[in-house]
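Below is one structure, written out as structure tokens; comments come after it.
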Amino acid sequence: MATPVLDRPARPAVGRDSGPRRHPLQRAGLFRALDHPRDVVANLGPNWFSSIMGTGIVANAAVTLPHTVPGLHVAALVVWALASVMLVALTVAWGAHWLRHRDTARGHAANPVMAQFYGAPPMALLTVGAGTLLLGRDVLGEATAVHVAVTLWLLGTVAGLASAVAIPYLMVTRLDLRPDSAFGGWLMPVVPPMVSAATGAGLLPHVAAGQLRLTLLLACYAMFGLSLVASMIVTTLIWYRLTLHGTGPAATVPTLWIVLGWLGQSITAANLLGDGAHLALPAPYATAFAVLGLVYGVPVFGFALLWAALAAAVTIRTVRRGLPFALTWWSFTFPVGTVVTGTSALAVHSGSVVLGWTAVVFYAGLVGAWATVAVRTAAGSLRGDLFAG
């Protein structure tokens, strides 16, 4: 129980600063935009987890590149470690947000824009989990890395399936939506199962042979289909909105890049699951799934290039008119990263040199986008602007 504090007469201000006393961190220049440093969790929404997605994919995509450079693996390991620390810190902070600011947290679910980003926490879990399997084994050891990856995959998959059902349900029954409401963020709740499908493929060799492995493979393909069809529907609505109602507020323009997320991730999933199909299925089904990776992936890659060109043109146009920084800028990272992993998979399976170097070009763009957005996010976080709500 808290100890009562006796009232004391207020002390007069000392020196030139006659305003309210500031926290030592604020006097040092940190969180100046907030009334108190503890307010960093007051408006912490699920959209913050997109920063973990965007950071983690930089590490994961580096491992998949068909061409490597000296030091890239070590750099990827460092970035994965950073994403892991961010995941722990942000999960704790978000928990504090729910404990201390429940009304605000519930309000996020009732907000037709913020509610969409409840798909970000599951994808953050899945991205870090995949990185643990690809890179974490270097520091954790094989057994520990597998256990951590499985745990994060299970948590991310359950949460992702929940978001894929709950958010569309809210959109149908409660959220106030208009014909021009569709934006790239509508994909966030339905893409997590596709990420589960792609990352689940890496777990197949570590699952006991037999029914358990078969169940995992079939579940991944089912989630692939779930997310694929839902994402196609939402992308159609986004195209409809763009052609009839324009691009909308400048802050939402970066979310157009989210479309690349399901396109690149579906190519990645189709190829990785095809690689592991023989571990659980007999011929000719295993062969059919292996072939599906390339047969499906190349045509979808073509549409991904079209959408990338369209999104880039709209973004450049918006930048010229004024594009304010917001957390939506993280949409420039994770979706591009999935295109890198998908293109790399196509290059490996087809033997195409052009696709291999295309993946490298996309990865260079990813790193540049990540560095820019990370610096802007760090600066805004230290000032407290991004936490002000």
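Values computed for the structure shown
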quantity: Cβ pairs under 9 Å, 6+ apart, first in segment 200-211 and within 17 Å of Thr268 (Cα to Cα), second of a type in the set (S, T, N, Q); calculated: Gly200/Thr157; Ala201/Thr268; Ala201/Asn271
quantity: Residue in segment 296-304 that is over 23 Å from Val195 (Cβ atoms), out of contact with any Pro (no Cβ under 7 Å at 6 or more places or on another chain) and open to solvent by 30 Å² or more (accessible area, probe 1.4 Å) present; calculated: no
quantity: Segment 53-105 - residue that is β-branched (Val, Ile, Thr) and either touching a residue at least 60 places away in the same chain (Cβ under 8 Å) or open to solvent by less than 60 Å² (accessible area, probe 1.4 Å) (or both) and, of those, nearest to Asp39 (Cα to Cα); calculated: Thr104
quantity: Residue within segment 282-291 that is hydroxyl-bearing (Ser, Thr, Tyr), assigned to a helix (DSSP H, G or I) and within 16 Å of Val195 (Cβ to Cβ) present; calculated: no
quantity: Subset of segment 220-241 [farther than 20 Å from Thr157 by Cα, open to solvent by 40 Å² or more (accessible area, probe 1.4 Å), of a type in the set (A, V, I, L, M, F, W, C) and touching a residue at least 40 places away in the same chain (Cβ under 8 Å)]; calculated: Leu237
quantity: The one condition in (1) aliphatic (A, V, I, L, M); (2) closer than 30 Å to Ala33 by Cα; (3) free of Cβ contacts under 8 Å to residues at least 60 places away in the same chain that Val353 fails to fulfil; calculated: (2)
quantity: Unique match (being out of contact with any Cys (no Cβ under 8 Å at 6 or more places or on another chain), open to solvent by less than 20 Å² (accessible area, probe 1.4 Å) and on the phi < 0 side of the Ramachandran plot) among Thr328, Thr287, Thr341; calculated: Thr341
quantity: Gly45 at pLDDT 95 or above, of a type outside the set (S, T, N, Q) and either buried (at least 20 other Cβ atoms within 10 Å of the Cβ) or on the phi < 0 side of the Ramachandran plot (or both); calculated: yes
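The values are calculated or read from the model by the stated rules, or taken from the named source; none is laboratory data. Nothing here was measured: the structure is a model prediction, and the numbers come from that model. Reconstructed Cβ throughout: ideal geometry from the backbone, glycine too, with neighbour counts over all protein chains shown. Each accessible area value is taken on the protein alone, full model and side chains, heavy atoms only, with ligands, DNA and RNA left out. Shrake-Rupley method; radii C 1.70, N 1.55, O 1.52, S 1.80 Å.
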